[in-house]
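Colleague: First the structure, then my questions, so here it is.
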Amino acid sequence: MKSKTNKTQTNKKMWGGRFQEKMSSIMERIGESISFDKRLYREDITGSLAHAKGLEKIGILSRDELKNIQKGLSQILHEIESGEFEFHSALEDIHMHIESRLTDLIGNTGKKLHTARSRNDQVSQDVRLYILKEIQEIRKLIFQLLETLLLRAEESVNTIMPGFTHLQVAQPIRASHYFLSYFSMFLRDYEELDNVEKTTSILVLGSGAMAGVNYPTDRDFLKNELQLNSISLNSMDAVSSRDHILQFLFFASQCMVHLSRFSEDTIIYTSQDYSYIQLSDSLTTGSSIMPQKKNPDIAELIRGKTARVISNLNSLFILLKGLPMTYNRDLQEDKISLFDSVDQLKISLEGITEIVKSMKFIPENMESALKKGFATATDLADFLVREKNIPFREAHELVGKLVEICVKERSNLFDLPEEKRKNLSDFFIGEEYFEAISLYNSCDKKDVYGGTAKNRQIEQIEFCKNKLQEIKIKSNKVFVI
């Protein structure tokens, strides 16, 4: 049985004391936000419980009134989460819905809850609590992705794949190096959430509409009740600033760009012209007309969602750029961008984690591409420099001529006949030539910190393991994939 919202409260606005005319239909429809801000119900109730305790502390509420409010808010929480609660556009937003239902349940005591509070500081606090909650969920998802990338890196230390510049085969790398490159990206994203949390974990209750409140609100008490890190310095800034949302949306956009780049790699590497990796059937789709197709739709969808998230960031920038101090109703629109970005980011993180788990390399195709792309030409030039004492520019030119011959002969550095190599230079014969162009040797020559040599890969893997362990200790949680 659904709860019944008080009809008097629904038809008569709680702020409507000075108004004689009924709100027009268009004003009601354009002004409502309950269609999207109802997802703040838990944060609104959490903030209201802390506020009620603060009111009891300064003598506005009696102990019994506080208990009634707590009981009423608990029932409202149950009604919303069980699907029994009725939402009405006439009540505009989640704040008015909860206050109206509370008054239905406990009478006039419910009307006391809004003392020393404005919807301006109330909504700002709700959104901050919402972002803080979502940060924890997103941290978990990024952590799962980091663990998955690290696991795949450990499994693929001995797999050689092409590394690209300008989307052209450049040099051989270990597949572990590829996975760890994205590990580094997403580790930065994880750490960036610390900055978002710092900007967000601020108490704004007590700021009122914009100038503060006419009551001795104990803001330190409220900060501790809500487990926040600091208190807003200026009440005007507190109700008008949306820097916390901007910073979150920037983080989300950056993270989505990283997810999109991995998606692009996946799309390219699974194409027939490359065929470096395979995705499981469960992550792909077919064609309604072409029976042979196996499409990497999951990667394409994530790439598309990135545009949405970046647009959400731009939308909020544009929304804010011309607003005068302090609160303006335009700010009602900020939550649409926020909620959508949260949803798109979370599902995209899940999607990329599944791609990383399931992708399978096709080593023979990657080896063929490396040879076809003359990926060890630089190694051959360096061999001439180190072993034959040839200046690098001359070595570069000589190897370039060898590549030109290979192209004309439709061959590569590995299978070009020795006679043709010798015609160009005696340096290009014998076993030392093949050691110089070896794909595995090429990787292991990159023996610098951060390089793709096997011992450096093992070094990076250990570093990444330690970073994840530090995260576990810091968060006091053990995340399980």
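Colleague: Just to check I understand the Karplus step: with θ = phi - 60° and J = 6.51 cos²θ - 1.76 cosθ + 1.60, what whole-Hz values come out for the range 442-456, glycine and proline as x?
Modeller: Residue by residue, the range 442-456 yields 4, 4, 6, 6, 7, 8, 10, 4, x, x, 9, 4, 4, 5, 6 Hz.
Colleague: Continuing with this model, one more query. On average over all directions, what projected area in square nanometres does the range 289-334 have, based on the convex hull of its Cα atoms? All intermediate terms of the calculation are to be shown ahead of the outcome.
Modeller: Working: hull surface 19.2 nm².
For the range 289-334, the mean projected area of the Cα convex hull comes to 4.8 nm².
Colleague: If you don't mind, there's one more thing I want to ask. With the other protein chains left in place, how much accessible area per residue, in square angstrom, belongs to the chain at a 1.4 angstrom probe? Write down the numbers at each step before the final one.
Modeller: Details: 23820 Å² over 481 residues.
Averaged over the residues of the chain, the accessible area is 50 Å².
Colleague: Now for a separate question. Please work out the Cα center distance from the range 340-390 to the range 45-61, rounded to the nearest Å.
Modeller: 57
Colleague: Please report the carbon-and-sulfur percent of the accessible area for the range 179-337; probe 1.4 Å, protein heavy atoms only, DNA, RNA and ligands left out. Let's see the in-between values first.
Modeller: Numbers: 3860 of 7690 Å².
Accessible surface attributable to carbon and sulfur in the range 179-337 totals 50 percent.
Colleague: Distance in nm between label sites at Ser358 and Ser184, each 7 Å beyond Cα in the beta-carbon direction?
Modeller: Here the answer is 2.9 nm between the modelled labels.
Colleague: Search the structure for amide H atoms under 5 Å from the amide H of Gly163, placed 1.01 Å from N in the peptide plane, and list their residues when 5 or more places away or on another chain.
Modeller: Those qualifying (amide H under 5 Å, at least 5 residues apart or on another chain) are Ala170, Gln171, Ile173.
Colleague: Carbon and sulfur together cover what percent of the accessible area of the range 27-146 at a 1.4 Å probe radius?
Modeller: Values: 2020 of 4410 Å².
Accessible surface attributable to carbon and sulfur in the range 27-146 totals 46 percent.
Colleague: Right, next: Determine one quarter of the surface area of the Cα convex hull of the range 322-481, which equals its mean projected area, and express it in nm² to one decimal. Intermediate values should be presented prior to the final figure.
Modeller: Numbers: hull surface 71.8 nm².
Across all orientations, the range 322-481 yields a mean hull projection of 18.0 nm².
Colleague: Roll a 1.4 angstrom probe over the protein heavy atoms and tell me the percent of accessible area of the range 392-481 that is carbon or sulfur.
Modeller: Numbers: 2960 of 5730 Å².
Carbon and sulfur together cover 52 percent of it.
Colleague: I would also like to ask the following. Compute the separation of the alpha-carbon centres of the range 405-422 and the range 268-331 and state it in Å as a whole number.
Modeller: 44
Colleague: Now for a different question. Quick one: 3J(HN,Hα) in Hz for the range 139-153, Karplus 6.51/-1.76/1.60 with θ = phi - 60°, rounded, Gly and Pro as x.
Modeller: 4, 4, 5, 5, 4, 4, 5, 4, 5, 5, 4, 5, 4, 5, 5
Colleague: Please compute, over every Cα-Cα pair in the range 204-245, the percentage with a separation greater than 13 angstrom.
Modeller: Values: 449 of 861 pairs.
Result for the distance tail: 52 percent.
Colleague: Could I ask something else about it? Out of all Cα-Cα pairs in the range 39-162, roughly what percent, to the nearest whole number, are more than 20 Å apart?
Modeller: Looking at the range 39-162, the distances longer than 20 Å represent 55 percent of pairs.
Colleague: Mind checking which aspartates and glutamates have their Cα closer than 15 Å to the Cα of Lys293? Skip sequence neighbours fewer than 8 apart in that chain.
Modeller: Within the straight-line limit of under 15 Å, Lys293 reaches these aspartates and glutamates: Asp273, Asp281.
Colleague: For the range 155-171, what does the Karplus curve 6.51 cos²θ - 1.76 cosθ + 1.60, with θ = phi - 60°, yield as ³J(HN,Hα) per residue in whole Hz, taken in order and with x for Gly and Pro?
Modeller: Karplus values, whole Hz, x for Gly and Pro: 6, 10, 4, 9, 9, 9, 9, x, x, 10, 10, 6, 6, 10, 4, 10, 8.
Colleague: Also, I was wondering about something else. Among the listed pairs Lys305/Lys360; Lys422/Lys446; Lys305/Lys357; Lys294/Lys357, give every one whose C-alpha distance is greater than 23 Å.
Modeller: Working: Lys305/Lys360 25 Å; Lys422/Lys446 28 Å; Lys305/Lys357 21 Å; Lys294/Lys357 18 Å.
In this structure, Lys305/Lys360; Lys422/Lys446 lie more than 23 Å apart at Cα.
Colleague: Near Lys67, which aspartates and glutamates are there with a Cα under 15 Å away, not counting those fewer than 8 places off in the same chain?
Modeller: Here the aspartates and glutamates satisfying the reach criterion relative to Lys67 are Glu56.
Colleague: Moving on. Report the dimensions of the chain along its three principal axes from the alpha-carbon atoms, largest first, rounded to Å.
Modeller: If we take the Cα atoms of the chain, the spans are 99, 52, 42 Å.
Colleague: Can you spot the lysines whose alpha carbon is less than 23 Å from Lys445's alpha carbon? Ignore those fewer than 8 places along the same chain.
Modeller: The reachable lysines, counting only those whose Cα sits under 23 Å from Lys445, are Lys371, Lys372, Lys388, Lys454.
The values are calculated or read from the model by the stated rules, or taken from the named source; none is laboratory data. Here the structure is a predicted model, which is why all the values come from computation and not from measurement. Neighbour counts are summed over all protein chains in view; Cβ atoms, including those assigned to glycine, are modelled from backbone coordinates with ideal geometry. Heavy atoms of the whole protein, side chains included, go into the accessibility calculation; ligands, DNA and RNA do not. Shrake-Rupley method; radii C 1.70, N 1.55, O 1.52, S 1.80 Å.
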